[in-house]
Amino acid sequence: MAFANINYTDIMSTTIESRSRKIADNVTKNNVLLKKMEMQGNIKPFSGGSKILQELSFAENANAGWYSGYDILPVGISDVISAAEFGIKQAAVPCVISGLEMLQNSGKERMIDLLDARMTVAEATMMNLISQGLYSDGSGAGGKEIDGLDKAIDLTPATGSYGGIDPATFGFWRNKVSDQTAANGLDPSKIQGYWNLLWASMVRGNDRPDLIVADSTVWAAYTKSLQSLQRFSSPEVGALGFPSLKFMDADVCLDGGIDGFCPTGRAYFLNTKYIHYRPHAQRNMVPLSPNKRSAINQDAEVAILGWAGNLTCSGRQFQGVYDAVGV
């Protein structure tokens with residue numbers, strides 16, 4: 001028979017509920033990609049539906065043109081807006097407490113101390129889970145993982161389908177790629193030249209990369225390529241706690257080191273104006289149920305921290321990947 005204590009259950013649920021907003025905020029603050037998207041206004045919760053729709057413009061208005069005097073102006077329908085479709089992915093971190101632990105931590109203060117410790121672990125676990133998912137190709141956990149950068153910015157951008165759009169048919173839906181061998185891609189004397197070419201292929205007027213995230217090996221090669229007088233950082237991003245360099249006017253940030261999730265030998269050139277973090281409005285680091293969940297055949301209770309959403313893109317042609325380990 002399950003252990004039932006309404007006072008402990010209330011403490012569990014209210015502890016998670018009171019921390020849920022803090023956890024969501026910390027996920028953003030501890031990930032440079034999410035922080036950049038927040039600065040762009042591209043963290044936009046969605047409220048419902050079976051899919052996440054990300055609107056995008058795929059063509060110019062065909063009615064545009066020059067005219068003189070009383071010329072007839074074209075007013076035909078110009079269909080230039082569509083939407084990519086993304087599945088809703090879900091994540092959860094259960095916090096479990098046994099009946100024995102409830103007895104051993106009797107008293108409200110002790111119980112809160114125990115739950116705070118477990119919530120701190122749950123918070124860090126959820127942050128790592130989301131951060132890892134942001135780099136995934138969506139195939140992890142049997143296709144349940146976030147459709148991350150490895151899906152949005154593919155090494156073979158003309159194949160497969162992304163957001164329900166076939167890049168083999170629609171050229172505007174192909175990201176840019178600089179595919180190098182390790183001998184060339186990690187050579188400090190060559191890396192800036194390769195980056196110049198990749199950068200130029202992604203610029204359209206004022207649209208250009210504003211963030212480059214790299215693993216340790218690419219970061220080290222780029223850093224070594226800089227002369228002391230050329231090395232400068234971004235005060236804006238540095239003030240947020242993310243040490244960065246600059247390439248052109250994009251922040252270059254390391255997401256390698258201890259438990260970094262950027263794939264080995266990669267750097268993603270991102271225009272975060274077209275990348276969107278879309279959590280569900282009612283499932284963004286919140287308890288799955290404010291009521292108690294008691295095990296049927298165990299002396300334990302569970303409170304579950306939950307998230308649902310996905311990473312979406314509305315301008316794949318403005319994104320690029322630098323691969324320094326290719327063939």
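Derivation of every value follows stated rules applied to the coordinates shown; laboratory data play no part. Keep in mind it's a predicted model, so treat the numbers as computed, not measured. When we count neighbours, we look across all protein chains shown, and the Cβ atoms used for this are built from the backbone with ideal geometry, even at glycine.
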Q: Just add up the charged neighbours of Thr312: K/R +1, D/E -1, any other residue whose Cβ is under 14 Å from the Cβ of Thr312.
A: +4
Q. Considering amide H positions built from the backbone, and no H for Pro or chain starts, which residues 5 or more places from Val321, or on another chain, come under 5 Å of its amide H?
A. Lys176, Val177, Ser178, Phe269
Q) Taking the mean number of other Cβ atoms within 10 Å as a proxy for protection, how do you rank 307-319, 181-193 from highest to lowest? A) 307-319, 181-193
Q.
What are the ³J(HN,Hα) couplings of region 147-161, residue after residue, when phi is run through the Karplus curve with 6.51, -1.76, 1.60 and θ = phi - 60°? Round to Hz, x for glycine and proline.
A. 7, x, 5, 5, 8, 6, 10, 8, 6, 10, x, 8, 10, x, 10
**Q.** Radius 14 Å from Cβ of Ser136, net charge of other residues (Lys, Arg +1; Asp, Glu -1)
**A.** -2
Q. If you add up the charges near Gln180, with Lys and Arg at +1 and Asp and Glu at -1, over every other residue whose beta carbon is less than 12 angstrom from its beta carbon, what do you get?
A. -1
Q) So if R0 is 56 Å, what FRET efficiency would Lys246 and Asn297 give, r being the distance between their Cβ atoms, rounded to the nearest 0.05? A) 0.45
Q: Would you please give the FRET efficiency between Ser216 and Tyr70, computed as 1/(1 + (r/R0)^6) with r the Cβ-Cβ distance and R0 = 56 Å, to the nearest 0.05?
A: 0.30
Q) Using θ = phi - 60° and the Karplus curve 6.51 cos²θ - 1.76 cosθ + 1.60, what whole-Hz ³J(HN,Hα) does each residue of region 131-138 get, with Gly and Pro shown as x? A) 4, 5, x, 5, 9, 7, 9, x
Q) Between Thr159 and Ala200, what is the spin-label point distance in nm, taking each point 7 Å from the Cα along the Cα→C-beta axis? A) 2.8
**Q.** Too-long pairs where the Cα-Cα distance tops 28 Å, listed order kept, from Lys51/Lys273; Lys35/Lys190; Lys144/Lys224; Lys151/Lys224; Lys144/Lys190
**A.** Lys35/Lys190; Lys144/Lys224; Lys151/Lys224; Lys144/Lys190
